[in-house]
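Chemist: Please read through the structure below; I'll follow up with questions.
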Amino acid sequence: MADEAKAKGNAAFSAGRYEEAARHFSDAIALAPGNHVLYSNRSAALASLHRYSDALADAQKTVELKPDWAKGYSRLGAAHLGLGDAASAVAAYEKGLALDPTNEGLKAGLEDAKKAAAAPPRRGPSGPDAIGQMFQGPELWTKIAADPTTRAYLDQPDFMQMLREVQRNPSSLNMYLSDPRMMQVLSLMLNIKIQRPEASEPSQSTPPPPPQQQQQTPPPETKAREVEPEPEPEPMDLTDEEKERKERKAAAQKEKEAGNAAYKKKDFETAIQHYTKALELDDEDISYLTNRAAVYIEMGKYDECIKDCDKAVERGRELRADFKMISRALTRKGTALVKLAKSSKDFDIAIETFQKALTEHRNPDTLKKLNEAEKAKKELEQQEYYDPKLADEEREKGNEFFKQQKYPEAIKHYTEALRRNPKDPRVYSNRAACYTKLGAMPEGLKDAEKCLELDPTFTKGYTRKGAIQFFMKEYDKAMETYQAGLKHDPNNQELLDGVRRCIEQINKANRGEISQDELQERQNKAMQDPEIQNILTDPIMRQVLIDFQENPRAAQEHLKNPGVMQKIQKLISAGIVQMR
């Protein structure tokens, strides 16, 4: 996969589509983050876009991953030079030459860097900048076209590219002075004849390649050490239409970057303006649409966001855009749909949109948004279904079936009542009674506990829970439940009877009036209780139990401690300890 992305990047680079090349190299890096060649290639693409800061970051990463690779320092030097840091460029080229002294590209780069470093500091239009200013006026094109020695240069795309770069950045003139065509034009503009030392060499019979090619093309020995060829920032033959298209793309990219900066500052109106301008300049990059959609979400303009996302998906299909970009557009559309949702049904289209996004690219953020949308839909469904009046009607129907001993039918109506009103403790209590009659003790216990959670003062909930625990032969827990209920209703006969029954069963065990199998069953259940486990593993309680067997007098002293007495009673009630 990484090699495929790299190959696409190389092809785009060779065609002069540097922005596209950078994207492909980024995809390759995501798949193979340890490949130094990929960072080197992206650095070259970014430098061709004049994004020297980003190119510098990639060059530094290249050197970090492969410090003994000479070409990495060539990328580093070019980036520094593009940023105007000639001293750092010199240092980078010298490090590269220390690794590969015969590399002509590094030598040429070092020469340019030294020239730039030797130039006096810029203080207004003087020195190289002052000369560069000559290339700004309209007379430049008139003079070049009028002179027979320079007229042909206007038909050479690589030279036109150099000339426009000098117009944009006069200080970059030094980078191109090694090209005799540039020297010829400079001679024309200064109205003097400049002699070049290389003029007598046979190699000058044909124009040499521009400085980028000299810096970047390695000698055969270097190429032999590289596993695969790398793209070089060579000038491409472009038609006027292609040149205009490239310029528009570069301008669109600058608008996008300005929009990103405004977005980070939460200046959303300005960000919208920049992204819209980028779209007007270049309609072949759907990231401008998805970025503008993100701004619309922040502004609460969800309908506009959805429109942009739909356009991005449609245009992306036409352009065969990266599936990740399609997924991003669908995810942002889903986010806007969630914001607009007013009913549970409104979430359906948002959920469907998130699911489509995941088929394009399984992004964790999209998956999280899908789960949140499904959860919100379920909660809203419950709210929409809420109706206390209908819940009471269903509860009454359940009561009638309970009286007729039709417990499954009663459970059905109680369940519907809870769907209509999940906050009624009476319904949980009634359904717990049905489960008890059917022998479904765990389900009944769960309902009884939910009943008491909703209303801790609901006495009936304690009788339901205590009865279930009693039937499960957890007499100690049942007695605790009944006693807890008596705190709220001290005279409740059902609770008092429950306590009495629990004491009878505990005493029967102490008197040995139950079978050994029943005692073993009770003890096994008790040993699964975390509270019982904590008591038995407590070093103090273990010593107390030993004293009960070996030192009755000490045991009596222990019983004066309320905490110890409570734990002993817990063990007795559970059948772990028997008092005879």
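Chemist: Can you give me the solvent accessible area of residue 175 with a 1.4 Å probe, rounded to the nearest 10 Å²?
Modeler: Solvent-accessible area, nearest 10 Å²: 40 Å².
Chemist: Sticking with this one: Please give the FRET efficiency for residue 381 paired with residue 487, using the beta carbon to beta carbon distance and R0 = 41 Å, rounded to the nearest 0.05. Could the numbers behind the result be given before it?
Modeler: Details: r = 38 Å, r/R0 = 0.94.
The formula returns an efficiency of 0.60 here.
Chemist: If R0 is 35 Å, what FRET efficiency do you get for residue 147 and residue 50 from their C-beta distance, rounded to 0.05? Intermediate values should be presented prior to the final figure.
Modeler: On the way: r = 29 Å, r/R0 = 0.83.
E between residue 147 and residue 50, to the nearest 0.05, is 0.75.
Chemist: Can I ask one more? Given the C-alpha centroids of the range 262-302 and the range 442-457, what is the distance between them in whole angstrom?
Modeler: 53 Å
Chemist: What is the list of residues in the range 26-64 whose amide nitrogen lies under 16 Å from a point 7 angstrom out from the Cα of residue 98, following Cα to Cβ?
Modeler: 63-64
Chemist: For the range 434-580, report the convex hull volume of the alpha-carbon atoms normalised per residue, in Å³, without decimals.
Modeler: Value for the range 434-580: 126 Å³ per residue.
Chemist: If you average the sequence gap of Cα pairs under 8 Å that are 6 or more apart and divide by the length of the chain, what percent do you get for the contact order? Can you show the working numbers first?
Modeler: Working: 726 pairs, mean separation 33.5, N = 580.
Dividing the mean separation by the residue count of the chain yields 6 percent.
Chemist: Once the Cβ-Cβ distance between residue 117 and residue 247 is put in as r, and R0 is 45 Å, what FRET efficiency do you end up with, to the nearest 0.05?
Modeler: 0.90
Chemist: Structure shown: which of 356/378; 437/460; 412/525 lie over 25 Å apart, alpha-carbon to alpha-carbon?
Modeler: Pairs exceeding 25 Å: 412/525.
Chemist: Probe 1.4 Å, all protein chains in place: accessible area of residue 141 in Å², nearest 10?
Modeler: 80 Å²
Chemist: Strictly greater than 20 Å: what percent of every Cα pair in the range 230-386 meets that?
Modeler: I get 57 percent for the Cα pairs in the range 230-386 exceeding 20 Å.
Chemist: Another one. Which of the lysines could a cross-linker bridge to residue 256, judged by Cα under 24 Å and excluding same-chain residues fewer than eight apart?
Modeler: 8, 243, 246, 264, 265, 266, 277, 301, 307, 311, 324, 333
Chemist: Accessible area per residue of the chain at 1.4 Å probe, in Å²?
Modeler: In whole numbers, the chain has 53 Å² accessible per residue.
Chemist: Can you tell me what percent of all Cα-Cα pairs in the range 1-76 are more than 17 Å apart?
Modeler: Summing the P(r) of the range 1-76 above 17 Å gives 36 percent of all pairs.
Chemist: Quick check on the chain: take the gyration tensor over C-alpha atoms, sort the square-rooted eigenvalues as a ≥ b ≥ c, and tell me if it's rounded (a/c under 1.5), prolate or oblate. Provide the component values of the computation, followed by the final result.
Modeler: Working: a/c = 4.56, a/b = 2.63, b/c = 1.73.
In terms of gyration-tensor shape, prolate.
Chemist: Would you kindly state how much longer the chain becomes between residue 528 and residue 267 on full extension, computed as 0.36 nm times their sequence separation minus their alpha carbon distance, in nm to one decimal?
Modeler: Once the chain is fully extended between residue 528 and residue 267, it gains 87.8 nm.
Chemist: Kindly provide the Kirkwood hydrodynamic radius of the range 30-112 in Å, to one decimal, from all pairs of distinct alpha carbon atoms.
Modeler: One over the average 1/r among Cα pairs gives 12.2 Å for the range 30-112.
Chemist: Let me ask another. Would you list 276, 481 from the most to the least accessible area, probe 1.4 Å?
Modeler: The residues order as 276, 481, largest area first.
Chemist: I've got another one for you. What's the Kirkwood radius of the range 293-375 in Å, using all Cα pairs?
Modeler: For the range 293-375, the Kirkwood estimate is 12.5 Å.
The values are calculated or read from the model by the stated rules, or taken from the named source; none is laboratory data. These numbers were taken from a predicted model, which means no experiment stands behind them. Positions of Cβ are generated from backbone atoms using ideal geometry, with glycine treated the same way; all protein chains shown enter the neighbour counts. For accessibility, only protein heavy atoms count, side chains too; no ligands or nucleic acids. Shrake-Rupley method; radii C 1.70, N 1.55, O 1.52, S 1.80 Å.
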